[in-house]
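Every read-out reported here was derived from the displayed coordinates using simple, explicitly stated rules and does not represent laboratory data. Keep in mind that what you see is a predicted model, and the values were worked out from it rather than measured. We place every Cβ from the backbone using ideal geometry, glycine too, and count neighbours over all the protein chains shown.
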Amino acid sequence: MRSIHRRDFLLTTAAATVAHLAHAQSPAPEPVIDIHQHTDYSGRTDEQMIAHQRTMGVTHTVLLPAGRFYGLEAGASGNDRVQEVARRLPAEYSFFANEVPYLSDARETITTVLKAGGRGIGEQKFMVDADSRAVQIVAEIAAEFGVAVLLHFQFGRYNTSFERFHKIVEKYPTVPFIGHAQTWWANIDAKAAQAVLYPKGPVTPGGITDRLLADYPNVFADMSAGSGLNAMLRDEEHARGFFDRHQDKLLYGSDCSDAIGEGPKCSGSQMMTTIRRLSPNKAAERKMLFENAKRVLKLAV
């Protein structure tokens, strides 16, 4: 009986060792940073948002608060709410600071949140001109703290007069500016009609956005939302070249309000798939999904 027990023991031990080695040698999931997500988005609970991010395969998420007037369509997603989630799950979440920039206490509000650990300012989505004094105030704070500013450009509504935004970029060369939304992405096209927010069809390279990314080291792009996805899918041949030449400037974001985190109803999941499918190579893919965000936002992940 002793030999039988010894044989079983050896077999069991060998099987356990093989299983352990197989687990140890299996590659860990590749990290993904999502630079654009919101709490309380379309009524989505924190638990639904957390599950959404994990389903997408995102390993670290940056939460963007609204300003006092909740210019974002994200419920009462203010500075306190994003900090609450980030404090609960610090390995998975960071947060930005935000406020309506023309309010008298905007500087104090934003500064307080940055001192509490905010990694940037935004999403700046307010009814001001892109080269206004209000935007300059935000840029001044960002320069002081060494953080990025994420702006939503939407013709006729938010950060308008996009054609003059280069003045801000030039005046604050140490500030990383991250562009986002309909007007930002429509202007990858040199023939963009400014009132058309979701243009279709072939892209003529050389639009305002294309030139900003090419000409200014401190300009970056947030690829999130339906606007970013549309810009890539409307002309996939152009998208391949765009990814190739701007691979050091593009940062993955989701900005989707669904509670699914996968499939055709989730723009964040679709954009991740698009990046992987149209990237010129694996190195470029990793830059867009992880490395650029880590570098630009100075994330310790």
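Summary table
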quantity: Neighbour-count ranking [beta-carbon atoms within 10 angstrom, fewest first] of LEU150, LEU64; calculated: LEU150, LEU64
quantity: Residues HIS180, HIS38, HIS246, sorted so that the one with the fewest Cβ neighbours within 10 Å comes first; calculated: HIS246, HIS38, HIS180
quantity: Backbone HN-Hα couplings from phi across the range 154-163 [Karplus 6.51/-1.76/1.60, Hz, Gly and Pro as x]; calculated: 9, 3, x, 9, 10, 6, 6, 6, 4, 5
quantity: Under 5 Å, built H, 5+ apart or other chain: amide partners of PHE155; calculated: THR183
quantity: Using alpha-carbon coordinates, inclination of helix 236-245 to the longest axis of the chain, degrees; calculated: 90
quantity: Partners for LYS200 among lysines (Cα-Cα distance below 20 Å; same-chain residues under 8 apart left out); calculated: LYS191, LYS265
quantity: Phi to ³J(HN,Hα) by Karplus 6.51 cos²θ - 1.76 cosθ + 1.60 over the range 44-58, Hz, x for Gly, Pro; calculated: 5, 7, 4, 5, 5, 5, 4, 5, 4, 5, 5, 4, 5, x, 6
quantity: Three-way shape call for the range 159-301 based on the alpha-carbon gyration tensor, with the a/c threshold at 1.5; calculated: rounded
quantity: Point-charge dipole on Cβ atoms (K/R +1, D/E -1) for the chain, about Cα centre, debye to 20; calculated: 800
quantity: J(HN,Hα) series, the range 293-301, from Karplus relation 6.51 cos²θ - 1.76 cosθ + 1.60, nearest Hz, glycine and proline x; calculated: 5, 4, 6, 5, 8, 6, 8, 8, 10
quantity: Distant-in-sequence amide H partners of LEU63 (H built 1.01 Å from N, under 5 Å); calculated: SER94, PHE95, PHE96
quantity: For ILE121, residues with placed amide H under 5 Å, excluding near neighbours; calculated: ALA97, ALA148, VAL149, LEU150
quantity: Taking CYS266, CYS256 and counting other C-beta atoms within 10 Å, the order from fewest to most; calculated: CYS266, CYS256
quantity: Nearest-ten-degree value, helix 267-278 long axis tilted from longest Cα axis of the chain; calculated: 80
